Structure formats: C-alpha cells, structure tokens
1. Filter the stretch 106-122 down to the residues that are among the aromatic types (Phe, Trp, Tyr) and either within 17 Å of residue 39 (Cα to Cα) or modelled with pLDDT of 90 or more (or both) and list them by number.
2. Could you tell me which numbered condition residue 127 fails, if it satisfies all but one of (1) of a type in the set (Lys, Arg); (2) modelled with pLDDT under 85; (3) farther than 23 Å from residue 51 by Cβ?
Amino acid sequence: MTQTRHNGTTRGFARAVNLMQSRIRSATESRGFAVSRVITHWSEIAGEQIASICRPVDISYGRDGMGATLTLLTTGSQAPMLEMQKPQLLDKVNACYGYRAVARIRITQTAPTGFAEGRASFAHKPKTEPKPDPQTLTEARHAGSGVSDDNLRRALEALATNALSKRKT
C-alpha cells in the first residue's frame, strides 16, 4: 500500500483512483482517447439509455488537428436509433471536454482494431431462474410447515426451494 499525507481524510493512505489515474490516462491515450473520462464515465456522459446500446471505441484526429471523430460501436438494430441521437450526443461529449473537441460521430458495428473487441453485448441482462417444479414447491412447503412465524416460514420455504432446485440440477 502506498501511504500519502492528506488533510486527515484518507488517514495516511492514497485513494485507489489517485494511484491508477496516470495508468488509466496512458492506456486510454494509447487508444486515441485524450480524455479518459469518455471511457470511464461513458454512462454518465451519454446517459444510461444510450450507454446500454453503444460504447466508444476510438477518437481520431484529422491532420489539421481540428475536430476529432468519435467512433461508437453498436449493433445493427440499434444503429438507426443512435444515428437520430447524434446531435444531442455530440453536445454531451463536448460538454465533457469543455470545448468543441469532437466534430463528428461515426457509428460502426465492428471495432476498428478487430473482431475480438467488437463484441455486441453492452449491458448485462438480468439472470432469470427457471421456476421450480410443483414437487419441489410441495417439499419446500412441507419443510417450513412446523414454523408458526410467517416471515420465518417463508424464509425457510425459499431456502428449501433453492436447495432442492440446486440438488436436481
């Protein structure tokens, strides 16, 4: 651990973000992002709805250095929706920079560095558990039948249902 002196708020230890800031910045700059905030805070910049359908993969600068192009990775079905929101998204990204650093947004369905990075999944889908069969539910109700407290009985039935379901799989 790295110790540092602050005004008593960190009790002698450096915050993880401060330790990693230079490494994150150098990694993102090597990929074309002058401001790593576009990557690390993409959902805050673009909004949850847009961040769930795309992600930034590149910022390229022209020869004259004026006005970069932000490349966004999305799926084919989401590209038209994203295309309509380009002007608002451009304003949000430039607000992050503090000036009109990005002049254009380009939408792609494959990553510029190859197919390995071009995975289409942007947000985690909630895991859905299959419903237990009636026999398992009956056994679980039987396990909690002797308990008089409703909350405790429901908790025991849920525990028994989970245990019996796992045993069958």
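1. From the stretch 106-122, those among the aromatic types (Phe, Trp, Tyr) are 115, 122; that's our starting set.
Across the stretch 106-122, the qualifying residue is only 122.
2. Of (1) of a type in the set (Lys, Arg); (2) modelled with pLDDT under 85; (3) farther than 23 Å from residue 51 by Cβ, only one is false for residue 127: (3).
The values are calculated or read from the model by the stated rules, or taken from the named source; none is laboratory data. Not measured: the values here are computed from a predicted model. Quick reminder, even Gly has a Cβ in these numbers, built from the backbone with ideal geometry, and neighbours come from all protein chains shown.
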